[in-house]
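One structure below.
Coordinate-derived values only; no laboratory data. The structure presented is a predicted model; accordingly, all values stated were derived computationally and were not measured. Cβ placement follows ideal geometry from the backbone for every residue including glycine, while neighbour counts extend to all protein chains displayed.
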Amino acid sequence: MKGSVVLFLLLTVLATFSCRNSSNKGGEFIFPVPDSVPLSEVEKLSDEAIEEISRNISSPVEIANLLQTMNVPFSPGYIASSIDANKQAKAFDKAIKLGILGADLGYLNMYEKTGSSIDILSSIKKLAEGIRVGQFFDFETIKRLSLNKSNLDSLLFLSIDSYAQIDKYLRENNRGHLSALMLIGVWIEGQYLATRVVSQYPDSMLRDRIGEQKIILNDLILLASPYCNRDNDFRTLCSSLLELKEKYRDVRITYTLGEPVSVEKDGGLVITQTEKSHVEMTEEQLAGIIEISQDVRNKLIKNN
């Protein structure tokens, strides 16, 4: 995925199940401690962190194939349908719930429940307008496409493009804290969806994808760090992310190089080095991650 499409993950089913950071080749991933990074350096890294996260996100096809292999049925109970866009008074709540609902929209679309996405779209519209980014959504076209399953590809593209424009606009206009919240909201909802699925349909591959979120979580903590003392809402969110990090602390991730893959692109041959991950995570550790992931998400979707 290209780094410029920062919020491509918004349209994945599980939003954020990533490959590892490419800078850590051939060894065990070491989980950095965000507090050890000077605040000024974290602020400089914010845009880079977003781009790195976007590059590490699995594609919708990969996630869809995984779910099809697992034969996991669609569950409307996973959707944050309790969110009332009219009751979100603060920009903090509007931004993070915009991310949460964006992940839900992706989940609905990938299961071709496009007719059910109209209510979600209506809430997204109100939340986006609430933080003055509604101009980046062509809601009428997205709504029309949502009712026509044959246009799923066009729907995905429009939704991806809308969120990417919002992210770019917020960061370029000194509102990076809202962009960070939107991205964190996407990840938290994706984590919630994955932990709900693995709780009901145990699967080793999905289990490993959850374990690998230790890497993305660290990036998100770095992304949030400049704003953790901004207000009580951010302090609570940062505390929740650190609690989740603690549950991941003893999860070990190692990588081995695989066979190079040759792909034809733009008339040329591109060779990509592949690698395989190995996640060491006990059932107790997974249970702790599941519990706190669901607790954090459920607190965030409450109406104010």
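So here's what we get for this one:
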item: Mean separation of Cα contacts under 8 Å (6+ apart) over length of region 249-304, as relative contact order %; result: 33
item: Mean Cβ neighbour count within 10 Å, used as a protection proxy, ranking 203-216, 236-249, 96-109, 72-85 highest first; result: 96-109, 203-216, 236-249, 72-85
item: Computed label-point distance, nm, for sites L242 and N86 using a 7 Å Cα→Cβ extension; result: 3.9
item: Violating pairs (Cα-Cα greater than 22 angstrom) within the set K143/K265; K90/K299; K125/K168; K214/K276; K94/K245; result: K143/K265; K94/K245
item: Relative contact order, percent, region 126-284 [alpha-carbon distance under 8 Å, six or more residues apart]; result: 14
